[in-house]
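Just below is one structure, and these are the notes that go with it.
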Amino acid sequence: VSLVAASMMTSLHMFLLLAALACSASFQVSGFVPHQRDVLIRHVSCHHLTFRPIKQRRDSLHAKQQEFDEVSHANDRRGISTETLMSAQRVMGVLSAAAWILISVTALSYHPDPKFADCTLRHNVLTMSQAFAFQLPVGYATISALSSPDSTTNTSTVRRRLNLAVAVASMWLASSTAFASKFAFGYDLYTWKLKAFASGIHATNGLLALFAWRSSIGTNKMTIRSCASRVIRGTIGSLWSIGPSKPCSDPDSPQLISNNNASIWGLCTAGLLWFTILPIVSPYPLATVPTILGKRLSRPASAFTFLSAVCAFCLKESAESGAEDDENQMSRLRKGLMIGSALHLLLLMLKLIGVDGGGLLLPGRGLWEVYPAMLAVPFATASSIIVHALVCFAAL
């Protein structure tokens with residue numbers, strides 16, 4: 001062992017001597033004299049060059065490892081909390097969809113107006129399908145986008161917007177179920193058990209979305225006043241940001257190409273937002289556009305139109321920023337809007353053609369007899385068709 005140690009020390013001293021000679025040669029080229037080689041060798045300690053830097057590096061690495069472990073544990077705790085929240089939102093999203101289906105079937109399976117008492121099963125099925133075609137894909141896309149990983153600034157911003165939109169839409173649905181006659185032109189078609197179940201599900205989903213939004217801000221010092229101020233400022237800023245930041249009229253311009261449909265998504269946002277407000281503030285029959293669900297569900301269904309407007313705005317912002325790290329999230333929103341709008345347009349076209357007892361192409365008077373509200377406001381109906389077609393075009 002002592003022989004091996006002696007040979008190792010000899011090798012180490014030979015290595016230092018060669019290094020000193022090389023440094024001496026470089027010093028001589030740079031203007032230093034050769035006798036500084038002895039000074040270099042005399043003042044350099046073998047112990048100083050070998051063991052002390054290793055100890056310092058070991059202590060530094062140990063400190064960094066401790067810091068990394070603390071950050072990892074914090075991220076793990078945050079990841080478990082976020083994953084739990086996402087799972088809860090998925091469950092509540094499914095329950096909210098089930099509540100909407102029950103409400104729609106109950107309200108649209110028959111017509112309470114004696115004038116339409118002889119409507120066929122075909123008409124009722126088409127009307128119920130109209131309540132599912134756009135609403136369910138948009139709701140699924142929103143919950144699916146909220147379940148995507150929150151790893152970047154863009155995705156966290158989108159999640160905050162979507163959580164607020166889900167909270168508003170859920171509270172609107174809960175109110176429209178609990179106070180049905182106020183939202184359905186006097187019709188109250190639900191039992192108290194159905195009201196309690198559906199309004200409770202929607203209200204819980206809205207509160208959960210508010211909690212998720214509050215948790216995503218990242219600070220525990222926000223009061224109710226500061227939260228309200230943040231929502232108001234963000235809403236006003238979003239309304240002013242609906243238009244494209246760099247509009248261009250030349251379709252071949254690289255500037256327009258770089259926007260990547262931002263102008264179209266901005267127009268879709270404005271159209272969907274307008275058709276969110278229209279049923280709420282308008283009298284019958286204008287209030288039935290764009291959902292074509294009559295007096296019973298047109299106003300409650302505005303919640304899903306509002307949700308689609310927020311999704312379109314998120315797509316507009318993503319198209320302008322050109323961010324690629326949120327593509328998975330944006331793809332879910334884009335597909336949900338495209339599928340929902342396409343199914344909505346398909347059902348409208350079938351009604352206009354005349355599959356429900358006659359129409360523009362098929363013989364019969366069904367279109368004019370069972371859809372008088374839609375035909376009474378042709379401009380609004382045509383505008384809603386254009387907006388949904390524009391959504392399909394932008395999503396391609």
Worksheet item: Taking interchain pairs and intrachain pairs at least six residues apart, which have beta carbon atoms under 8 angstrom, with the first residue in region 340-364 and in a loop (DSSP other than H, G, I, E, B) and the second acidic (Asp, Glu)?
Response: GLY357/GLU369
Worksheet item: Of all residues in region 169-206 being among the β-branched types (Val, Ile, Thr) and surrounded by fewer than 18 Cβ atoms within 10 Å (Cβ to Cβ), which is farthest from TYR110 (Cα to Cα)?
Response: THR204
Worksheet item: Among helices (runs of 4 or more DSSP H) lying entirely in region 162-242, which contain 2 or more residues that are touching a residue at least 24 places away in the same chain (Cβ under 8 Å)?
Response: 192-217, 224-240
Item to complete: Could you grab me the full set of residues in region 310-337 that are surrounded by fewer than 24 Cβ atoms within 10 Å (Cβ to Cβ), in a helix (DSSP H, G or I) and either touching a Ser or Thr at 6+ places or on another chain (Cβ under 7 Å) or on the phi > 0 side of the Ramachandran plot (or both)?
Response: GLU320, ASN328, MET330, ARG332
Practice prompt. Within region 278-300, identify whether any single residue is part of a helix (DSSP H, G or I), surrounded by 20 or more Cβ atoms within 10 Å (Cβ to Cβ), in contact with a Leu (Cβ under 6 Å, 6 or more places away or on another chain) and not charged (D, E, K, R), and answer yes or no.
Written response: no
Worksheet item: Across region 109-143, which residue is farthest from the chain's Cα centre (by Cα) among those that are hydrophobic (A, V, I, L, M, F, W, C) and closer than 30 Å to LEU210 by Cβ?
Response: ALA131
Worksheet item: Is it true that ARG122 is touching an Asp or Glu at 6+ places or on another chain (Cβ under 7 Å) and charged (D, E, K, R)?
Response: yes
Practice prompt. Go over the candidates LEU95, LEU108 one by one and state the one that is surrounded by fewer than 22 Cβ atoms within 10 Å (Cβ to Cβ), under 21 Å from TYR190 (Cα atoms) and touching a helix residue (DSSP H, G or I) at 6+ places or on another chain (Cβ under 6 Å).
Written response: LEU95
Fill in: All positions within region 111-126 that are loosely packed, with under 13 Cβ neighbours inside 10 Å and free of Cβ contacts under 8 Å to residues at least 12 places away in the same chain
ASP113, PRO114, LYS115, ALA117, ASP118, LEU121
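No value in this document is a laboratory result; all are computed from the given coordinates. Small disclaimer: the values here were computed from a predicted structure and weren't measured. Heads up, the Cβs are rebuilt from the backbone with ideal geometry, glycines too, and the neighbour counts pull from every protein chain shown.
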